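Visitor: Pasting a structure below so you can have a look.
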Amino acid sequence: MIRQWYSTNNLPSPGTKVYYFSKNLGIFRGKYYYDTETMGNPHKFTNNYGIVDADDVSHWMPYIREEKNKIPLPPDYQTADTVNLDKNQQTFTFTYSLTDD
């Protein structure tokens, strides 16, 4: 299966587990829902850290547990052509913890 990011012009069903991308915040795993009770955009993405409305999210992708380690970069993800780092900064450790799938 080819993993694909979708624009927020085409949103998932409320309650769907998703990955979502915000240029200002990064990539998160959470849920999409529709909220008419609050001000602003009713399309919301939520995770353990808070709520972001669809105005701040450019793309989303369905969460598929079996393929959780196969996430392509979003279409508008920006990378640098050249990065000059000292030798001691060229390695890193990435850790994460799962709360609920």
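The values are calculated or read from the model by the stated rules, or taken from the named source; none is laboratory data. This is a predicted model, so every value here is computed, not measured. Neighbour counts are summed over all protein chains in view; Cβ atoms, including those assigned to glycine, are modelled from backbone coordinates with ideal geometry.
Visitor: Quick check on my filter: what residues within the range 4-24 are outside any strand (DSSP E or B) and either surrounded by 15 or more Cβ atoms within 10 Å (Cβ to Cβ) or hydroxyl-bearing (Ser, Thr, Tyr) (or both)?
Guide: Selection gives 5, 8, 11, 12, 13, 16.
Visitor: In addition: I want to confirm something. Restricting to the range 25-55 and keeping residues that are surrounded by 14 or more Cβ atoms within 10 Å (Cβ to Cβ) and of a type in the set (S, T, N, Q), which single residue is farthest from residue 72 (Cα to Cα)?
Guide: That would be 41.
Visitor: Can you tell me how many residues in the range 56-71 are at pLDDT below 90 and in a helix (DSSP H, G or I)?
Guide: 3
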